[in-house]
Structure formats: structure tokens, C-alpha cells
Amino acid sequence: MTEAHTIAGKERMSRDFIAAVIARRFPKGWLVNLGVGMPTMVGGYVHPDQEIVFTSENGVIGYGGILSGNDVDPDVVNAGVQFVDLVPGAAIVHHADSFALIRRGMNHVTVLGCYEVAQDGSFANWRTSMGEWDNLGGIGGAMDLAACAQQVWVMMEHTTREGAPRLLEHCVLPVTAPSGVTMAFTDLGVFSVKNGRFTLEEYAPGWTPEEIAALTGAPLDISPTVSEVQFPR
């Protein structure tokens with residue numbers, strides 16, 4: 001596990017680990033939107049046999065992993081303005097066409113970064129506080145994705161730097177959408193969000209469901225088939 005960090009002597013899953021766990025869950029042939037930030041890492045862990053088509057709000061349809069170095073096309077970037085490669089059959093479309101794809105509900109799933117997610121599926125990912133000074137930027141395409149994607153998955157750290165939970169009964173920060181999240185992937189596990197409840201489906205290596213529940217700010221059900229996360233090979 002690269003880039004891992006510890007709390008109370010326990011190692012959490014790295015962002016790369018989480019990205020790989022998310023990538024393995026895509027069914028073959030899905031159309032997938034990756035949000036800015038941590039989710040952009042997911043593209044590097046999809047196997048070609050999955051035939052996943054990644055879409056980006058800026059009009060790139062059909063791209064692969066993030067590129068670095070000198071061998072890049074400066075005109076081909078994802079929504080996070082990171083250099084990416086085009087896969088066979090890729091297309092570059094108008095910004096309006098890209099959002100038409102989103103608003104028509106063609107994305108099977110969008111994977112978004114997140115500050116908080118509530119047990120009713122609402123989530124917050126565009127403001128970090130309620131302070132008057134925190135008014136820079138905007139909600140961007142996240143509201144379109146949250147409203148129109150067939151599923152919304154969030155990728156996040158389980159707690160804040162101060163140790164406060166990010167999986168909550170109710171969001172404290174301004175919400176991006178009042179519902180929609182179906183799966184939450186954190187550095188402590190994989191959680192389904194259904195019928196107003198969080199359910200732990202997989203837990204980070206070295207952790208127990210009880211320890212994870214203690215760091216969760218809402219009631220946590222444990223799946224009868226709960227198991228330790230296995231790093232995809």
C-alpha cells in the first residue's frame with residue numbers, strides 16, 4: 001500500500017489502493033465519469049478487458065490513465081486538467097455535447113470526491129466550511145452528475161485531519177445533492193448507502209468492523225457477507 005498513513009498505530013488504505021478497489025467494481029462496458037481530485041486516479045487501475053469508457057465534462061470521451069513526462073499531448077486533459085491518453089475509438093466533443101451526455105443520464109456511474117456523506121445519500125463536496133470567507137469557486141459539474149448519473153459513488157478519507165467522522169447522520173456542510181450516493185469508498189472500507197443506512201461491505205486490512213463503526217458518525221450496519229478488502233491483482 002503506497003502513500004499510506006497511520007492513526008493509533010493502524011495503517012489505512014492508500015489512495016491508490018482505494019482507486020484500485022473502485023476500478024475492480026466496474027461491470028464490463030460501463031460509461032464512467034471521474035470527478036476532479038482523488039477519483040481521477042481510478043482510470044489507472046481499470047483492466048482493458050473491462051472495456052470501460054471514461055467521460056470528462058470538458059468533452060473527452062474515451063480516455064485512459066494519467067500521463068506524465070514529455071510524451072503527452074497538451075490538448076488532451078481530463079476534468080482535473082491532468083494529461084491523459086486517448087483509447088481506440090475516443091472522441092473529442094463540444095462542451096455542450098458532453099453535458100448533454102451527462103444530463104441524459106448516460107453515465108452508469110460518476111465517482112466524486114467528497115467531504116461528507118450522510119446516511120440518506122446526500123453529500124457535500126464543494127465548500128469546506130460555512131464561513132462567509134469560504135465563497136471561492138463553485139459547485140461546477142458535480143450537481144449535474146449527482147442529479148443525472150445512474151449511480152453516484154464517492155471516494156474520500158473516513159475522517160478529517162482532526163479525527164472527526166465524514167460519514168454522518170446529516171451533512172454539516174452545504175450539500176451538493178440531497179440524495180443519490182449509493183456507495184462510499186474510504187480509507188477504512190467500502191460502504192453501501194441504502195434505505196437511509198450505511199452498511200459496511202468490506203473493511204481495510206488490519207481493522208475490525210467495530211473499530212470502523214467507532215469512527216463513523218452514523219449507525220453502521222455490518223453486511224452478513226462482510227470481508228477484508230483484497231487488493232486487486
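The values are calculated or read from the model by the stated rules, or taken from the named source; none is laboratory data. Remember, predicted model here, so these are calculated numbers, not experimental data. Virtual Cβ from ideal backbone geometry, glycine too; neighbours counted across all protein chains shown.
Taking residue 108 and the conditions (1) more than 20 Å from residue 190 (Cβ to Cβ); (2) touching a residue at least 40 places away in the same chain (Cβ under 8 Å); (3) surrounded by fewer than 20 Cβ atoms within 10 Å (Cβ to Cβ), which numbered condition does it fall short on, given that it satisfies the others?
With (1) more than 20 Å from residue 190 (Cβ to Cβ); (2) touching a residue at least 40 places away in the same chain (Cβ under 8 Å); (3) surrounded by fewer than 20 Cβ atoms within 10 Å (Cβ to Cβ) applied to residue 108, the lone miss is (1).
Can you pull out the residues in the stretch 66-82 that are over 25 Å from residue 103 (Cβ atoms) and either touching a strand residue (DSSP E or B) at 6+ places or on another chain (Cβ under 6 Å) or surrounded by 17 or more Cβ atoms within 10 Å (Cβ to Cβ) (or both)?
Matches in the stretch 66-82: 66, 67, 72.
Looking only at residues in the stretch 26-40 that are modelled with pLDDT of 95 or more and assigned to a loop (DSSP other than H, G, I, E, B), which one is nearest to residue 107 (Cα to Cα)?
Of everything passing the filter in the stretch 26-40, 30 is nearest to residue 107 (Cα to Cα).
Given the options 96, 91, name the one that is surrounded by fewer than 15 Cβ atoms within 10 Å (Cβ to Cβ) and in a strand (DSSP E or B).
Within the list 96, 91, the selection yields 91.
Here is a list of conditions, (1) at pLDDT below 95; (2) of a type outside the set (S, T, N, Q); (3) in a strand (DSSP E or B), and residue 117 meets all of them except one; can you say which number that is?
Exception for residue 117: condition (1).
How many residues does the stretch 41-57 hold that are assigned to a loop (DSSP other than H, G, I, E, B) and buried (at least 16 other Cβ atoms within 10 Å of the Cβ)?
At the first step, the residues of the stretch 41-57 found to be assigned to a loop (DSSP other than H, G, I, E, B) are 46-47, 51-52, 56-57.
Next, from what is left, pick out any that are buried (at least 16 other Cβ atoms within 10 Å of the Cβ): 46, 52, 56-57.
Here the count works out to 4.
Among the residues of the stretch 153-165, how many are in contact with a Ser or Thr (Cβ under 6 Å, 6 or more places away or on another chain) and either basic (Lys, Arg) or not in a loop (DSSP other than H, G, I, E, B) (or both)?
So the answer is 1.
Does residue 222 qualify as being β-branched (Val, Ile, Thr) and surrounded by fewer than 20 Cβ atoms within 10 Å (Cβ to Cβ)? Explain how you work it out, then say what you get.
Numbers: β-branched (Val, Ile, Thr): yes; surrounded by fewer than 20 Cβ atoms within 10 Å (Cβ to Cβ): yes.
When the stated conditions are applied, residue 222 passes them.
Could you tell me whether the stretch 187-200 includes any residue that is over 19 Å from residue 20 (Cβ atoms), assigned to a loop (DSSP other than H, G, I, E, B) and free of Cβ contacts under 8 Å to residues at least 24 places away in the same chain?
yes
Can you give me the number of residues within the stretch 206-232 that are in a loop (DSSP other than H, G, I, E, B), touching a Phe, Trp or Tyr at 6+ places or on another chain (Cβ under 9 Å) and either modelled with pLDDT under 95 or of a type in the set (A, V, I, L, M) (or both)? Even if it seems obvious, please write down each step before you answer.
Here is the first cut: in the stretch 206-232, the residues in a loop (DSSP other than H, G, I, E, B) are 206-208, 215-216, 218-219, 229-232.
Next, only the ones that are touching a Phe, Trp or Tyr at 6+ places or on another chain (Cβ under 9 Å) stay: 216, 218-219, 229, 231-232.
Subsequent filtering for residues that are either modelled with pLDDT under 95 or of a type in the set (A, V, I, L, M) (or both) retains 218, 229, 231-232.
Here the count works out to 4.
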